Amino acid sequence: MSYPYQIKSLEAYKEAYKKSVDDPEAFWGAIAENFLWRKKWDKVLNWNFKEPKIEWFAGGKLNITENCIDRHLATMGDKPAIIWEPNNPEERVRTVTYNRLHKRVCQFAQVLINNGVKKGDRVCIYMGMIPELAYAVLGCARIGAIHSVIFGGFSAQSIADRLEDAKAAFIVTCDGAYRGAKDIPLKSVIDDALVGNKTVKRVIVYTRTRTPVAMLKGRDVWWEDEMEHAETQIEKDGVVSFPAVEMDAEDPLFILYTSGSTGKPKGVVHTIGGYMVWTNYTFVNIFQYQPGQVHFCTADIGWITGHSYIVYGPLSAGATSLMFEGIPTYPDAGRFWDITDKHKVDILYTAPTAIRSLMGFGADPLKGKNLSSLKVLGTVGEPINEEAWHWYDENIGRKRSPIVDTWWQTETGGTLISNLAGVTPAIPSWATLPMPGVQPILVDEQGKEVTEKDEHGIIKGNLCIKAPWPGILRTTYGDHERCRTNYFATYENLYFTGDGALKDANGNYRITGRVDDVLNVSGHRIGTAEVENAINMHTGVVESAVVGYPHDIKGQGIYAYVICSQHESEEQTRKDILQTVTRVIGAIAKPDKIQFVSGLPKTRSGKIMRRVLRKIAEGEMQNLGDTSTLLDPGVVDEIKNGRV
Ligand code: WT7
């Protein structure tokens, strides 16, 4: 594979950027020529942010799996597409070549057909990090079914809500998943999610941990049996193949649920053509991928990072993608470095929270680790503090591997702002420059562009984007109006990211964090309203307010102020609340701190003054800002005194 669109110098970046803004259609049309289309598009871009309506490569016909697999077979069939590193380092590594990937994806596509899945149907995938998860995702794409992967940390209730929202009739899961020292009983969580469910027709279960599972006749089938049967069906002269279904560029590829400021997660919808071009283009340029390199993205495929930079970006580029089943601290805190040496990893892409946590183990886990294969390091998911950046640079990159700080979101499909490894300059804790095609703008609360600079020449505002890039979300599943109000209505004719940012005199951006009621806990996005809803479901709770506070490792921690009607003991109630949140959302949303209060600071119109609660949670007791509109200022002192 060669990448004629790979940017090799700062000048080339500037040139590409200028072209992409001056004539986006010519620019992206030329890039899209590098992919496999059954039929070329009629129009590169149609758009307005008002509705919004965004179409890239409209009229184009393709199948993304032909781009991720088939087109590589002739030249790279025996090259590794996926290297799978198991949770237990003693277990056998699996190397999945492009040929093998092709075979498995074809088999699974047939399995889906055999089980009644049709183009456009939604398939929910709830699995651990095993190659079969990639087969499931790509199998869906091969037949034009819409996958919706749910991260293994979400509870039965969360799954039930998502199944209902997506109107999904099919599930692919595992008996269980290994994560560190734990076995997570995935199928049993699915069974709980399906109590009372009348729409799910089929559950396909892969055996990973061989934990006992309830297999319901007529509903549940074993992956292994289905795959074997499919193989005999589609094998011809020793070749197993399933013809990819021809799709429109603007047909949905997947739904991925993510949290916002309301209590209910939104199903972000990405479509095939634009998403493919965007993930590939950003992958090739940001990481400066060279053929043969091993790319290790440590995210879970349950999040957008895994979709874009374990599966679609790397595979569409014919890369070798390393997939890791376990966690960074198992069996010890040297695991990432062992994996790096074992597989000669060239590119390591991880989250600041993981870096901070590994930093906390000191130098010991790094003893005897070579790490000389590393060429590029990346971070994603939250702002990286300078201390963590330098630790990563010195101890892991040994000061010779550029670090890319990639800013993006579930909604953006791929990275929007990042330096290009070794090509454009890195600045610690700055995401730096926009990718070609991305036009950021900083606005004030009224949506007016901020131009005023501080004494260092820095502009500060809410980060918006002026025009669509190929990977932008198209809608929120089943509710287009929600997409409009969430992203396109805050400021006229702009996509609003929900983040605040700084811009320096050279046009570099630094993301300062969310400006809405969304938290970023260990790189996981959690809406405060969702956590409040979950807490309020506990019988003893009258009302609650949830805010974030700075946390050394997680980036942000969850701080909950809770009013209870009766107390058993505070300790007991606290445990019950944690259990409730685990049930309703999942363990990832458990508050780090719970403070019981008798009232919340409210304005006369009944609005909670979150600013005050946030300051107290942060430990800022003096400058709470204007509290003159508070109904009962006395409650603030009580809350200050009871801070936990
Ligand atoms: C939010 C999106 C993008 C994949 C993982 C998270 C924050 C993401 C960075 C970065 C500072 C970042 C933003 C964004 N974020 N990357 N490099 N620097 N902040 O995806 O769950 O959709 O969350 O993560 O606040 O809005 P997500």
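Observations on the model:
- Per-region count, the stretch 484-515, residues more than 11 Å from the ligand (Cβ to nearest atom) and either among the hydroxyl-bearing types (Ser, Thr, Tyr) or not in a strand (DSSP E or B) (or both): 17
- Pairs with Cβ under 7 Å, 6+ apart, first in the stretch 599-619 and over 14 Å from Val562 (Cα atoms) and assigned by TED's automatic domain parsing to the domain that holds Glu543, second of a type in the set (Ser, Thr, Tyr) and part of a loop (DSSP other than H, G, I, E, B): Thr603/Thr629; Arg604/Thr629; Val612/Thr627
- Cβ-Cβ distances below 6 Å connect the following pairs, each with a first residue in the stretch 418-432 that is among the aliphatic types (A, V, I, L, M), a second residue that is in a loop (DSSP other than H, G, I, E, B) and within 12 Å of the ligand (Cβ to nearest atom), and a separation of six or more residues or different chains: Ala426/Asn419; Ala431/Ser418.
- Residues satisfying the stated conditions in the stretch 516-537, i.e. within 14 Å of the ligand (Cβ to nearest atom) and surrounded by fewer than 19 Cβ atoms within 10 Å (Cβ to Cβ): Asp516
- Residue match in the stretch 188-202 (condition: under 20 Å from Phe324 (Cα atoms), within 24 Å of the chain's Cα centre (by Cα) and touching a residue at least 40 places away in the same chain (Cβ under 8 Å)): no
- Taken together, Pro352, Pro314, Pro252 contain a single residue that is over 17 Å from the mean Cα position of the chain (by Cα) and not charged (D, E, K, R), which is Pro252.
- Within the stretch 48-78, being assigned to a strand (DSSP E or B) and of a type in the set (Asp, Glu) holds for one residue alone: Glu55.
- Residues of the stretch 585-594 satisfying the condition of being buried (at least 19 other Cβ atoms within 10 Å of the Cβ) and assigned to a strand (DSSP E or B): Ile594
- Where strands (runs of 3 or more DSSP E) fall entirely within the stretch 176-230, those with at least 2 residues that are of a type outside the set (Asp, Glu) and surrounded by 15 or more Cβ atoms within 10 Å (Cβ to Cβ) are at 177-179, 202-206, 220-222.
- Each residue in the stretch 382-408 was checked for being closer than 19 Å to Lys503 by Cα and within 12 Å of the ligand (Cβ to nearest atom), and 9 pass.
- For the stretch 312-319, the condition holds for at least one residue, the condition being that it is within 16 Å of the ligand (Cβ to nearest atom), buried (at least 21 other Cβ atoms within 10 Å of the Cβ) and of a type in the set (Ser, Thr, Tyr).
- The set of residues in the stretch 314-363 being assigned to a helix (DSSP H, G or I) and either without any contact (Cβ under 8 Å) to a residue 12 or more places away in the chain or β-branched (Val, Ile, Thr) (or both) consists of Ile339, Thr340, Thr353, Ile355.
- Of residues in the stretch 538-559 being assigned to a loop (DSSP other than H, G, I, E, B) and closer than 17 Å to Val597 by Cα, the one nearest to the ligand (Cβ to nearest atom): His538
The values are calculated or read from the model by the stated rules, or taken from the named source; none is laboratory data. Everything numeric in this text was worked out from a predicted model, so none of it was measured. Every residue, glycine as well, gets a Cβ built from its backbone with ideal geometry; the counts of neighbours run over all protein chains shown.
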